[in-house]
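*Asks:* Submitted below is the structure of interest, expressed as structure tokens.
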Amino acid sequence: MLKINKLRNPSQFLESFMEEYLMRGLGSMQKRDVEILFVHLLMKDKMYGEEVDYYELSHDLRISEPRIKRLIYDSQLRYNSYTEEMAKEDFIDLMKTGSFFIDKYKRINFMIRKPMLMQYFEEWVARFSGLIDTSFNKNFVKVSVDDLSEVLEGLMENPEVMETIKGHLDEACESDSVSTHIESFLKKFFIDKVEETSGHSLEYAGLILKQLILGF
């Protein structure tokens, strides 16, 4: 069970909760709104860290994991607490940890547990390229290297890092297009290295992606 003394800043949590709860008068907030506010302040307190353990949180609050995820999703929407910049950082972290595998069709398969990150990723794929397959599980993504390359090109903030990417490719690409170079980079540093189980290369490739997408 969640106890107030476990919070990192209990006084700030209670002050913020009471201020929002009483803003429109006692009892004016609906039950759902109270729950969303509570979860928002809980995430803001960060007592569960940056990467929330949904099982632990659901156990502490005595509600199901799907309900926890929905409350977090609704709180992030309502209070604008999860930005696209944060989604980009989370996606880069996901890639460089190597928490994915390559199937026989050479599609990159991975889990996106954060509802808002999933929403952003689906929007990126739709905006920049094409299809995303989540038919097996709504949190389980299958995306082609071509489509992921288009996404990364669309998100690119630092074109200068392309020279770094080119310098790491053993052979010249047939095309000089940005997406072709990014695709070659993904194949060499992610697909090939995952098959070789080389974590160091994934970490290094993640740093390059951070420069490419975030601009530093």
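*Asks:* Pick out, from Q76, H168, L41, the residue whose Cα sits farthest towards the positive end of the charge dipole of the chain, with +1 on the Cβ of Lys and Arg and -1 on the Cβ of Asp and Glu.
*Replies:* The residue sitting farthest along the positive end of the dipole is L41.
*Asks:* Need the C-alpha centroid separation for region 21-72 versus region 80-102, integer Å.
*Replies:* That distance is 22 Å.
*Asks:* Excluding I36 itself, calculate the net charge of residues whose Cβ lies under 14 Å from the Cβ of I36, where each Lys or Arg counts +1 and each Asp or Glu counts -1.
*Replies:* Numbers: positive: K31, R32, K44, R67, K69, R70, R78; negative: E20, D33, E35, D74.
Cβ neighbours under 14 Å give a net charge of +3.
*Asks:* Could I ask something else about it? Under a 10 Å cutoff between Cα atoms, tell me which one of Y55, Y73, Y105 has the largest fluctuation in the Gaussian network model of the chain.
*Replies:* Maximum fluctuation in the GNM of the chain, among the listed residues, is at Y105.
*Asks:* Given the pairs K6/K88; K6/K31; K106/K142, which span a C-alpha to C-alpha distance of over 19 angstrom in this model?
*Replies:* Check vs 19 Å cut-off fails for K6/K88; K6/K31.
*Asks:* Can you list the HN-Hα couplings for region 85-93, worked out from phi with the Karplus curve (6.51, -1.76, 1.60; θ = phi - 60°), rounded to whole Hz and with x for Gly and Pro?
*Replies:* 4, 5, 5, 4, 5, 5, 5, 4, 4
*Asks:* Okay, moving on. Need one number for the chain: average projected area of the convex hull over its C-alpha atoms, nm². Provide the component values of the computation, followed by the final result.
*Replies:* Working: hull surface 57.1 nm².
Averaged projected area of the chain's Cα convex hull equals 14.3 nm².
The numbers here are math on the coordinates, done by the rules we state, and not lab data. Just so it is clear, the structure is predicted and the values come from calculations on it, not from any experiment. We place every Cβ from the backbone using ideal geometry, glycine too, and count neighbours over all the protein chains shown.
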